[in-house]
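The structure under discussion appears below in the form of structure tokens.
We did not get these values from a lab; they are worked out from the coordinates using the rules stated. Given the structure is predicted, the values throughout are model-derived calculations rather than measurements. Cβ: placed from backbone, ideal geometry, glycine included. Neighbour counts: every protein chain shown.
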């Protein structure tokens, strides 16, 4: 017990690092050590020739005045179960035609039955029939444990007060918690058999357990059945206020609701890592909501980009097109890494995908361009073009295709040449519309249209729209 560097200890057969870590953590939980060194309680535990849990159980019981019952509980945990039962570890406890009654502790029930056996020799109990020989062996061991604890702790004086039966049962349950602080479990649903234990391990109460009401209980005897949940054959209910307050902490946890596509901030109170209770909160002062939102949004970028935002879509297309047409401009391609950069900024102060979709993506994406690049973009890939009539019509950009200008034929009367952009390298594709705004011609050669096509369609247009001016030489 004087060794502090356990990995360096010259073991005959060294335990695994995981086993060492788990054992050290248990001693800390039991109060036997602190920062790797023995506490006064740990020295008292070391003086008892018992494994740490049982030593802690007896010392706690001696302190609160229920040592005989605790010694009997320790003996029951260490010896073969004296209650005759079927070969199945998960059978209902039945007395005659009665199912087992609800209880606060399977182990306390056993202790009380053995106490009656010791006093009256009664072998028929609500838990089944006692095997007389096994029961006597348990009683002998309990007496030995009690005398050992008395001797080592000099606890020869009885407690000043004798607890009532109800108090004694509760005291013993508290002592069991002191010995099994890492075996606390919380029921998943009221009166359900399934629960989760400290450490995240799933457990399920055996049908034979009568601990059916308590939300919290200690798993005293578990069996690995090969299924997802270990089987708890002996459980003991506890009250929340019995838990060591030093092991309880409150945190603000941030997670993501996939269905609602929103970050949730949850205030959780934990005993070790076991969630005792939780509530949603709007308090984000100490919660890193932005990073959680970004982590989820960045994996599905298309879901958070603005929907039906023509200006944003066209801005991206303009930059990407001009980057292809004039590589010397050294414009960013505004691919995912660049949009992730914008997304990270937009996540600040927002909680969900819906807020991101409504965020000012265009303004922040423009910010990726320098002043000179923005000037060049507006000059060489303009958003609009002016027509001879003085109207400024919007261009449509699409990567890999020339820009398109949709305009009524009359808008272009007086325009002799096809407009060009990107330092004159790229002709604009003109979608020429009739007065009804339906396409009449698609061309990137306006002079050829005026010379060859316009005279042909002019006759039909004059007939259909006589109120409009259709000059021979537009």
- Note on the structure: Residue separation between residue 460 and residue 336 times 0.36 nm, minus their alpha-carbon distance, gives in nm 39.7 nm
- Mean separation of Cα contacts under 8 Å (at least 6 apart) over the residue count of the chain, i.e. the relative contact order in percent, is 9 percent
- Of the DSSP beta bridges with both residues in region 391-464, give the percent that are antiparallel, rounding to the nearest 5. 65 percent
- Query: Once the Cβ-Cβ distance between residue 392 and residue 255 is put in as r, and R0 is 45 Å, what FRET efficiency do you end up with, to the nearest 0.05?
  - Reply: 0.40
- Message: Under a crude label model (7 Å from the Cα following the beta-carbon direction), how far is residue 239 from residue 295 in nanometres?
- Response: 3.9 nm
- Share antiparallel - DSSP beta bridges, the chain, percent rounded to 5: 85 percent
- Rg/Rg_ref, the chain, where Rg_ref = 2.2 N^0.38 Å and atoms are Cα: 1.76
- Query: For the Cα atoms of the chain, what angle does the longest principal axis make with the long axis of helix 310-325, in degrees from 0 to 90, nearest 10?
  - Reply: 70 degrees
- Task: Calculate, in nm to one decimal, what residue 357 and residue 437 gain on full extension: separation in residues at 0.36 nm each, minus their alpha carbon distance.
- Result: 25.6 nm
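At 0.36 nm per residue, minus the direct Cα-Cα distance, what do residue 404 and residue 151 gain on full extension? Give it in nm, one decimal, please.
This chain segment gains 81.3 nm when fully extended.
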- So if we plug the beta-carbon distance of residue 9 and residue 307 into 1/(1 + (r/R0)^6) with R0 = 56 Å, what FRET efficiency do we get, rounded to 0.05? 0.30
- Query: Tell me, 389, 350 in order of fewest to most beta-carbon neighbours within 10 Å?
  - Reply: 389, 350
- Message: I want to make sure I understand the PRE zone here: with the label point 7 angstrom from the Cα of residue 25 toward its beta carbon, which residues in region 249-274 have backbone N atoms less than 12 Å away?
- Response: 272-274
- Note on the structure: Mean separation of Cα contacts under 8 Å (at least 6 apart) over the residue count of region 193-293, i.e. the relative contact order in percent, is 21 percent
- Note on the structure: Plugging the Cβ-Cβ distance of residue 140 and residue 279 into 1/(1 + (r/R0)^6) at R0 = 60 Å yields, to the nearest 0.05, a FRET efficiency of 0.70
- Could you bin all the Cα-Cα distances of region 391-464 into 10 Å bins starting at 0 and give me the percent of pairs in each, rounded to whole numbers? 18, 54, 24, 4, 0
